[in-house]
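Visitor: Please read through the structure below; I'll follow up with questions.
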Amino acid sequence: MLNNFHSARFEISAAKLSQCPGASVPEVAFVGRSNAGKSTAINTLCNHRQLAYASRTPGRTQLLNFFTVQHDGQTIARLVDLPGYGFAQVSRDEKGAWDSELGSYLTERPSLVGCVIIADARRGLLPLDWGMINWLAPRRTPVHVVLSKVDKLTNQEKAIVLRDTRKALEPVNAQGQRATVQLWSALKKSGLTELEDLLRGWVMPPESGIGTDMPADPANPAGATGPISQSASASRSGADEPSSTAQTKPSNKPELPSEPA
C-alpha cells in the first residue's frame, strides 16, 4: 500500500497535449494562481525540495510537468504540475495557444482523476479559481481546495476561511461535482496527512487494482477551447482583495490574464 508520495520522480515536461506521456495511470493535476504556493505544495507532499520548480518570477513556468509515483518498481500514478494562472508573462498569441493546450488537457485527458486547487488562505477562492472549478464541472472532475499559507493566520482566521470556503463549495457538491477543502502550511507541514489520504483515495480507489482501472474518456464540452475565458480586467477587479467571508461564484468562464494582476 502506498504510504506517501516520497517516491515521486520527474518524468517529462510537455508544451502540447500530444507531448504528454500515455494516459496509462491515474493523474492528479495541481493548479492555482502563480503565487499561491503550488510548486511548494508538491515539493512538500513528495518530501523533495526541488522536485517541482518554484520560479521567482510568477507565471514563468508554462509547461505541463509530469511526476511519476512508484510502488514496487511500477508507476501507479502521476502528479501533474500545471502552469499557474493570474500572472502569465506571455504575449496574447502565446497565451491563446497555452490556454488551448491547458483546456485540452483538462477536458480530454482520460486519466485525470482529480484536481487540486492551491489558493492562498488569506484571499480565499478568487474568480480564476472559480473559473477552474466551473471548467471542470461538465466532466464531474473532483476538486480539492488546499488553502495554503495558513501559518500566517490566527486560529480564528483559519476557522473562518475554512468555514466560508466549505459553504461556498456547497452548490458545487449539490450539482454533482465533488468539492472538498482543507487548511495547509508547507512551512509547518500541517495538513500533509490529510492531503496524502485524499490523493491516495483518488489514485487507488478500493474497488480497483493499483494503476489498472482508468476512468472513461469524458465527453469534451462543445466549443471548449481553454479552461479560462473571463476578461483580465474582471479578474483584476477582485484579485487582491482578501476573502475570508462567504464567497460568491463568478461567471462560468474566467480567463487567464496575459499581464500581471
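The values are calculated or read from the model by the stated rules, or taken from the named source; none is laboratory data. Because the structure is predicted, anything quoted here is derived from the model rather than measured. Here the Cβ positions follow ideal geometry from the backbone for every residue, glycine too, while neighbour counts run over all protein chains shown. Please note that ligands, DNA and RNA were not included when accessible areas were found on the heavy atoms of the full protein model with its side chains. Shrake-Rupley method; radii C 1.70, N 1.55, O 1.52, S 1.80 Å.
Visitor: Around residue 157, under 13 Å between beta carbons, what's the net of Lys plus Arg minus Asp minus Glu among the other residues?
Guide: On the way: positive: 122, 123, 149, 152, 158, 163; negative: 120, 151, 164.
Counting the neighbours of residue 157, the net charge comes to +3.
Visitor: Report the local net charge at residue 10: Lys and Arg +1, Asp and Glu -1, summed over other residues whose C-beta lies under 12 Å from its C-beta.
Guide: The answer is 0.
Visitor: As a test of reading the structure, rank 6, 71 by solvent-accessible area (1.4 Å probe, protein chains only), most first. Walk me through the numbers on the way to the answer.
Guide: Numbers: 6 75, 71 35 Å².
Output order, biggest surface exposure first: 6, 71.
Visitor: Can you tell me which of 44-51, 73-80 comes out highest on packing, and rank the rest after it, using the mean Cβ neighbours within 10 Å? Walk me through the numbers before you get to the answer.
Guide: Details: 44-51: 17.4, 73-80: 19.1.
Packing proxy ranking, top to bottom: 73-80, 44-51.
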